[in-house]
Amino acid sequence: FGMSSIRAVVATAARTRCAIDARRFQNVHNNIAFVSSASSALPMREQHDARPVVTRAQHQLTSFSLDTSRRQFHSSTQLLMAKRKKNGGRTKKTEKAPSKRSIKLSKLAQLDSEDDVNDDVDGILDFEDAEQDESALVTPFATEYHAPVMFKECIDALLQQGDFGEMMDDKLERWRKKKSIAEAKLKKAGLLDDEVENEEASNSAETSESIRRPRLFVDGTLGGGGHSQALLEQLSPGDILIGCDQDSEAISTASARLSKYLGTSEYIVEKNGELTCGWEEGRPMFIPVQSNFRNLVDVLSTIRHPTSGKLLLGKRLKKQDSESEEELEFPKGVNGMLLDLGVSSHQINTGERGFAFMKDGPLDMRMDSNSTTAAVSSLTAADICNEFDEATLISILRTYGDEPRARRIASAIIESRPLHTTTDLVHAINTVTPTFARQKRAGLIATSARVFQALRIVVNEEDGALTEV
């Protein structure tokens, strides 16, 4: 644009601004016009004495008319103003909703006879039981032993269904489109043979046939069996789920819970009571194995199918050695594996295990402390607190607990030696940590949780177990 065009735009904007200002102050001009017309013919002194007296109410009325003419209130502000105008300048307070206890008491107060009282009390108790059942449905597959976390997401990922399945289907569809476009270009250029097309068709037929074959899944952290039960309820007949846990109490509890899917208890080293194998044809099979998930490669190579007697997986052999190996039930390997790391609620609630800082107990923290076999780990949390040097304690707390006070807590542990119980460790932490802190997760409870987590990971070698799976 040229300078003449810019000047024209500026002049037009200035005229528009003047017109807006003139309309904005038009009411003021109308209100004071009668003053100039009435006193214009008088001398200056008389004009000053003959000024009209404007009352406070008139001034407020004028200012209100000016404000409302040029302001646009928010919709919520307009509703509030209308509500205040309706209620005489005040907003009514909202009444609190009656609590469940007050509703029950009012129901009991309205009863006349004792028979009616008994009947209605039973009805109220049934109402409470129904509420408890509804609350239990919020966390299905949960027991007093353990409550599974994100079970739906885990099962959908293993079975490739739900949102995860839709995502995988979209990726597969995009890949097929790209492949078809590339094959069309190659075929047009004469670089694609008919033999290659036949091989690809046979491979696609094999993949569709493999979908109908039995599948093998592994739950490396069985615990209370919540994830395993959720998975078994969605598996097809012929599928097998192997549940591994090194805690003898956990594997016995889960096996009793999943008794109708239990195919064999041969691989449980220590059985707490008798277990009934209730598996029948037409159901998926559950095989419990007492072992750490770090030893899955060696353990799974020895497990056989309870009915056919074939090895499920066998050993990892090279191609030249695979010809002499016996026939396997699942030659293509495992279809999915689940690892729920951490501790179960049962282990935390049991003070004798030493996992909880809120309960007094020995500083143990071993996952297999209940086992009587020779494979029990000898290192305990008390050994770490009483024997490790300050530099090693600082490294443990920073690496596995992300503890900002690692140096001070390590020195407090050394000064408080010997430590034998969880209470001793909490008191040592409390000497350098405030019970309550303004900063988020800086108080005694959050700090103790990080310290106990770091010690548990080192005692059970959880980081090394993950690298060996």
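The values are calculated or read from the model by the stated rules, or taken from the named source; none is laboratory data. Since the structure is predicted, the reported quantities are computational estimates derived from the model, not experimental observations. When we count neighbours, we look across all protein chains shown, and the Cβ atoms used for this are built from the backbone with ideal geometry, even at glycine. Quick note on the areas: whole protein, heavy atoms, side chains included, nothing else; ligands and nucleic acids left out. Shrake-Rupley method; radii C 1.70, N 1.55, O 1.52, S 1.80 Å.
Within the stretch 446-469, being out of contact with any Asp or Glu (no Cβ under 9 Å at 6 or more places or on another chain), touching a residue at least 12 places away in the same chain (Cβ under 8 Å) and β-branched (Val, Ile, Thr) holds for Val458, Val469.
Selection of the stretch 378-394 for residues being assigned to a helix (DSSP H, G or I), more than 19 Å from Arg450 (Cβ to Cβ) and open to solvent by less than 60 Å² (accessible area, probe 1.4 Å) yields Asp383, Asn386. Sub-7 Å Cβ pairs linking a first residue in the stretch 286-310 that is farther than 23 Å from Glu461 by Cβ to a second residue that is assigned to a helix (DSSP H, G or I) and among the hydroxyl-bearing types (Ser, Thr, Tyr), at least 6 apart or interchain, are Phe286/Ser228; Phe286/Tyr261, ordered by first then second residue. Could you check Asn460 against (1) of a type outside the set (Asp, Glu); (2) open to solvent by less than 40 Å² (accessible area, probe 1.4 Å); (3) more than 24 Å from Gly220 (Cβ to Cβ) and say which number it fails? Failing condition for Asn460: (3).
When the stretch 432-445 is filtered for residues that are of a type in the set (Ser, Thr, Tyr) and without any contact (Cβ under 8 Å) to a residue 12 or more places away in the chain, only Thr435 remains.
For the stretch 400-421, enumerate the residues that are of a type in the set (S, T, N, Q) and within 16 Å of Ala381 (Cβ to Cβ). Ser416, Thr421, listed by residue number.
Conditions (1) in a helix (DSSP H, G or I); (2) more than 15 Å from Ala356 (Cα to Cα); (3) not charged (D, E, K, R), marked per residue:
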residue	(1), (2), (3)
Ile396	yes, yes, yes
Arg407	yes, yes, no
Ser411	yes, yes, yes
Thr423	yes, no, yes
Ala428	yes, yes, yes
Pro434	no, yes, yes
Ser448	yes, no, yes
Ala454	yes, no, yes
Val459	yes, no, yes
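Taking the listed residues Tyr267, Tyr261, the one that is over 28 Å from the mean Cα position of the chain (by Cα) and modelled with pLDDT of 90 or more is Tyr261, with no other qualifying. Here Pro418 passes the criteria (1) outside any loop (DSSP other than H, G, I, E, B); (2) at pLDDT 90 or above except the one numbered (1).
When each of Leu241, Leu222, Leu231 is tested for being at pLDDT 85 or above, assigned to a loop (DSSP other than H, G, I, E, B) and crowded, with 21+ Cβ neighbours inside 10 Å, the lone residue that passes is Leu222.
Starting from residues that are charged (D, E, K, R) and open to solvent by less than 60 Å² (accessible area, probe 1.4 Å), keep the ones in the stretch 330-377 and report whichever is modelled with the highest pLDDT.
Asp364
All conditions but one from (1) closer than 20 Å to Ser344 by Cβ; (2) crowded, with 18+ Cβ neighbours inside 10 Å; (3) out of contact with any Gly (no Cβ under 9 Å at 6 or more places or on another chain) apply to Leu466; the one that does not is (2).
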